[in-house]
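**Q** So that we are looking at the same thing, I have put the structure below in structure tokens.
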Amino acid sequence: MAKQEKELVSQDNAQGSEGLYAQALRAGLFQDRRVFVPLEARTQFFNESFISIDQIKSPQQIESLFEMADVLEEINQSGGVYSPLKDYFITELFWENSTRTSLSFEAAAKHLGAHVAVRDGMKVFSSATKGESLEDTIHAGYNVTDSDLIIVRHHKDNSSQRARGIAQQYGIPVINAGSGSKEHPTQALLDLYTIRRIIGRTDRLRVMMVGDLKNGRTNKSLAKLLAIMDPNVEIIFASPEQLRSPQDFIDDLTPKVGSLTETDDFASWLPHVDVVYMTRVQKERFKEDEQDLYEQIKDMFIFTPEHMAMMQEHAILMHPLPRVNEIAYAVDNDPRAAYFKQMRSGLYVRMALLHEILVGHQIVTV
Ligand code: CP
């Protein structure tokens, strides 16, 4: 028996038969010499809300999360049952619509054994229609479900900070599933995980983000995460003049990356980048008197097979989805189209995040 196994057995003896060793055995983790790190070695996400990429402390924190995602995928794919969250209740409150994020958080929680309550369409189907505040809704989310963690998507930029302020009163964490036009941190995690899986690294990258960089939140969170992983990362922002990234965002990011280029000509960069990250022009963020502008610029950047032909063989085309017109369906079957793979990454990365926040110990190979 390996040394770590012995340590876990002695912990289990202290905790009873449902301790870590029993869980590891049930998940078959010792078969390929994987063990749980003892509980004292808590992950950096443990018991913390995750509302912004600014909270990430080091590339190692991300690498450790991704290793956990790899392991959880293996367990999932091999039919192993691992239910560390069987005594947990997770509540999703979504004011803004979602397909991927809501569904994948629900699936991630259920794959780990949790009970889940999902409220989508909160703007229409909740007491928000009667004037209830975000704060009171978080009070309800906790008290009505006796929740251990609340996942929030909301149209206000500061919504997850506000939600965290209430959740802290109950000692439970919040995860930001997309807030206004500033942050979508779990999308950035799954985007980077996809890059790592396909390109094989998270540094020495040249990444071009294309489209509505003003209103988009996924591009902002991913750019910040890339800068944390590698201060030499090269970033190109390609957008129509009216949809450029906000100047305060550019000013903040510029000193943290190797180079940052803004352009309205995405085609000429295609042969030179590792990643093309297309984004949707966000109709819902244009004011009523800006609808003409939306019509004018919504189809300015459309990625076609001709564009794919200009990309390098190892490069990938990404999109957080949903798409409207910005990627032609004709490129979907090209092996470099990575946007459907991103969705599957979301399941395992969100499983890993829930595991790190609520369970808190890691799994390592010895
Ligand atoms: N990428 C993303 O956030 O998709 P949904 O809006 O469908 O959740």
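**Q** Need at least 3 residues that are closer than 19 Å to K214 by Cβ and in contact with a helix residue (DSSP H, G or I) (Cβ under 7 Å, 6 or more places away or on another chain) per element, so show me which helices (runs of 4 or more DSSP H) inside the stretch 251-366 make the cut, counting only ones lying wholly within it.
**A** Details: elements: 291-297, 305-310, 339-354.
Because the criterion is at least 3 residues that are closer than 19 Å to K214 by Cβ and in contact with a helix residue (DSSP H, G or I) (Cβ under 7 Å, 6 or more places away or on another chain), the helices (runs of 4 or more DSSP H) in the stretch 251-366 that meet it are 291-297.
**Q** For I138, are the conditions met, namely being open to solvent by less than 30 Å² (accessible area, probe 1.4 Å) and away from the ligand (no atom under 13 Å from the Cβ)?
**A** Details: open to solvent by less than 30 Å² (accessible area, probe 1.4 Å): yes; away from the ligand (no atom under 13 Å from the Cβ): yes.
So I138 fits the description; yes.
**Q** Could you please find all residues in the stretch 246-294 being over 15 Å from L222 (Cα atoms), free of Cβ contacts under 8 Å to residues at least 24 places away in the same chain and hydroxyl-bearing (S, T, Y)?
**A** Result: S268, Y294.
**Q** Output the qualifying pairs, or none if there are none: Cβ atoms under 6 angstrom, residues six or more apart or on different chains, first residue in the stretch 96-115 and without any contact (Cβ under 8 Å) to a residue 24 or more places away in the chain and within 15 Å of I175 (Cα to Cα), second residue open to solvent by 10 Å² or more (accessible area, probe 1.4 Å) and within 13 Å of the ligand (Cβ to nearest atom).
**A** Once the first residue is without any contact (Cβ under 8 Å) to a residue 24 or more places away in the chain and within 15 Å of I175 (Cα to Cα) and sits in the stretch 96-115, its partners that are open to solvent by 10 Å² or more (accessible area, probe 1.4 Å) and within 13 Å of the ligand (Cβ to nearest atom) give E106/V118.
**Q** Does any residue of the stretch 289-297 turn out to be of a type outside the set (S, T, N, Q), farther than 13 Å from L270 by Cβ and within 16 Å of the ligand (Cβ to nearest atom)? Spell out how you get there, then give the answer.
**A** To start, the set of residues in the stretch 289-297 that are of a type outside the set (S, T, N, Q) comprises 289-290, 292-295, 297.
With the extra rule that they be farther than 13 Å from L270 by Cβ, the set shrinks to 289-290, 292-295, 297.
Subset that is within 16 Å of the ligand (Cβ to nearest atom): none.
Checked the stretch 289-297: no residue is of a type outside the set (S, T, N, Q), farther than 13 Å from L270 by Cβ and within 16 Å of the ligand (Cβ to nearest atom).
**Q** Looking only at the stretch 157-205, filter to residues that are open to solvent by 10 Å² or more (accessible area, probe 1.4 Å) and at positive phi; which one of those is farthest from the ligand (Cβ to nearest atom)?
**A** Ranking the qualifying residues of the stretch 157-205, first place goes to G171.
**Q** Is there a residue in the stretch 230-249 that is out of contact with any Asp or Glu (no Cβ under 6 Å at 6 or more places or on another chain), of a type in the set (V, I, T) and open to solvent by 10 Å² or more (accessible area, probe 1.4 Å)?
**A** no
**Q** Please enumerate the residues belonging to the stretch 264-294 that are surrounded by fewer than 18 Cβ atoms within 10 Å (Cβ to Cβ) and more than 25 Å from E313 (Cα to Cα).
**A** K283, E284, R285, K287, E288, D289, E290, Q291, D292, L293, Y294, listed by residue number.
**Q** I need the helices (runs of 4 or more DSSP H) fully contained in the stretch 1-118, keeping only those with at least 1 residues that are more than 16 Å from the ligand (Cβ to nearest atom) and at pLDDT 65 or above.
**A** Working: elements: 3-15, 20-26, 59-77, 100-111.
Per the criteria, 20-26, 59-77, 100-111.
Residues are listed down the side, and each one gets a yes or a no for (1) touching a Cys at 6+ places or on another chain (Cβ under 7 Å); (2) surrounded by 14 or more Cβ atoms within 10 Å (Cβ to Cβ); (3) of a type in the set (F, W, Y):
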| site | (1), (2), (3) |
| --- | --- |
| F46 | no, yes, yes |
| F50 | no, yes, yes |
| I56 | no, yes, no |
| P59 | no, yes, no |
| E63 | no, no, no |
| E67 | no, yes, no |
| V71 | no, yes, no |
| S78 | no, no, no |
| P84 | no, yes, no |
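**Q** Also: Checking R153 against (1) touching a residue at least 60 places away in the same chain (Cβ under 8 Å); (2) among the basic types (K, R); (3) part of a helix (DSSP H, G or I): exactly one of these is not met. Which one?
**A** (3)
**Q** Would you mind stating whether V257 is open to solvent by 10 Å² or more (accessible area, probe 1.4 Å), aliphatic (A, V, I, L, M) and closer than 22 Å to D203 by Cβ? Steps first, please.
**A** Working: open to solvent by 10 Å² or more (accessible area, probe 1.4 Å): yes; aliphatic (A, V, I, L, M): yes; closer than 22 Å to D203 by Cβ: yes.
Taking the combined requirement at face value, the residue satisfies it.
**Q** Name the residues in the stretch 317-350 that are away from the ligand (no atom under 16 Å from the Cβ), at pLDDT 95 or above and out of contact with any strand residue (DSSP E or B) (no Cβ under 6 Å at 6 or more places or on another chain), would you? Working first, answer last.
**A** Applying the first criterion (away from the ligand (no atom under 16 Å from the Cβ)) to the stretch 317-350 yields 325, 328-336.
From what's left, at pLDDT 95 or above: 328-336.
Passing the criteria: A328, Y329, A330, D332, N333, D334, P335.
The values are calculated or read from the model by the stated rules, or taken from the named source; none is laboratory data. For clarity, every value in this text was computed on a predicted model and none was experimentally measured. Because the Cβ atoms are built from the backbone with ideal geometry, glycine has one as well, and the counts that use them run over all protein chains shown. Heavy atoms of the whole protein, side chains included, go into the accessibility calculation; ligands, DNA and RNA do not. Shrake-Rupley method; radii C 1.70, N 1.55, O 1.52, S 1.80 Å.
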